[in-house]
1. Measure off, as a whole percent, the carbon and sulfur share of the 1.4 Å-probe accessible area of the stretch 4-57, all protein chains present.
2. Can you give the calculated 222 nm mean residue ellipticity of the chain, where each DSSP H run of n ≥ 4 adds -39,500 (n - 2.57) and the sum is split over every residue, rounded to the nearest 500 deg cm²/dmol?
3. Treating the angle as unsigned and between 0 and 90°, give the value, to the nearest 10°, between the Cα long axis of helix 3-34 and the longest Cα principal axis of the chain.
4. Using the beta-carbon distance between ILE33 and VAL55 and R0 = 35 Å, what value does 1/(1 + (r/R0)^6) give for FRET efficiency, to the nearest 0.05?
5. Could you pull out the trypsin sites (Lys or Arg not before Pro) across the stretch 11-52 that fall in loop regions by DSSP (anything but H, G, I, E, B) with no more than 15 other Cβ atoms inside 10 Å?
6. In Å, what is the Rg of the alpha-carbon atoms in the stretch 1-59, and how long is Dmax?
7. Using the Karplus curve 6.51 cos²θ - 1.76 cosθ + 1.60 with θ = phi - 60°, work out ³J(HN,Hα) for each residue of the stretch 53-58 in order, rounded to whole Hz, and write x for Gly and Pro.
Amino acid sequence: MNEDQFNTSLRKFLKQVGVTSQREIEKAVRDAIAAGRIQGREKLNAKMVLTIDGVGLVHEIDDVIELS
């Protein structure tokens, strides 16, 4: 395994996950506020599941996103 290539590829993947996930969460929250489904003061339970089939990885992260 080429450690430098692996590290570069992994960082690129994680950057894409972080940027696109933040964008989608912000859009979903703004849309929900605009539609009146939430007020904008809630604490939202969030869950992220990372899977990599080739190595049998399933990693779950549960947390709370506070809106105010």
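The values are calculated or read from the model by the stated rules, or taken from the named source; none is laboratory data. Being a predicted model, the structure only gives us computed values, none of them experimental. Using ideal geometry, Cβ is built from the backbone for each residue, glycine included, and neighbour counts are taken over all protein chains shown. Accessible surface areas use protein heavy atoms only, side chains included; no ligands, DNA or RNA. Shrake-Rupley method; radii C 1.70, N 1.55, O 1.52, S 1.80 Å.
1. Values: 2540 of 4700 Å².
Heavy-atom surface of the stretch 4-57 belonging to carbon and sulfur, 1.4 Å probe: 54 percent.
2. Values: 1 runs with 32 residues, N = 68.
For the chain, the value works out to -17000 deg cm²/dmol.
3. 10 degrees
4. Working: r = 39 Å, r/R0 = 1.12.
According to the calculation, E is roughly 0.35.
5. Details: sites: ARG11, LYS12, LYS15, ARG23, LYS27, ARG30, ARG37, ARG41, LYS43, LYS47; in loops: ARG37, ARG41.
For trypsin sites (Lys or Arg not before Pro) across the stretch 11-52 that sit outside H, G, I, E and B with at most 15 neighbouring Cβ atoms in 10 Å, the list reads ARG37, ARG41.
6. According to the Cα coordinates of the stretch 1-59, Rg and Dmax are 16.4, 51 Å.
7. With the stated coefficients, the stretch 53-58 comes to 4, x, 10, x, 8, 9 Hz.
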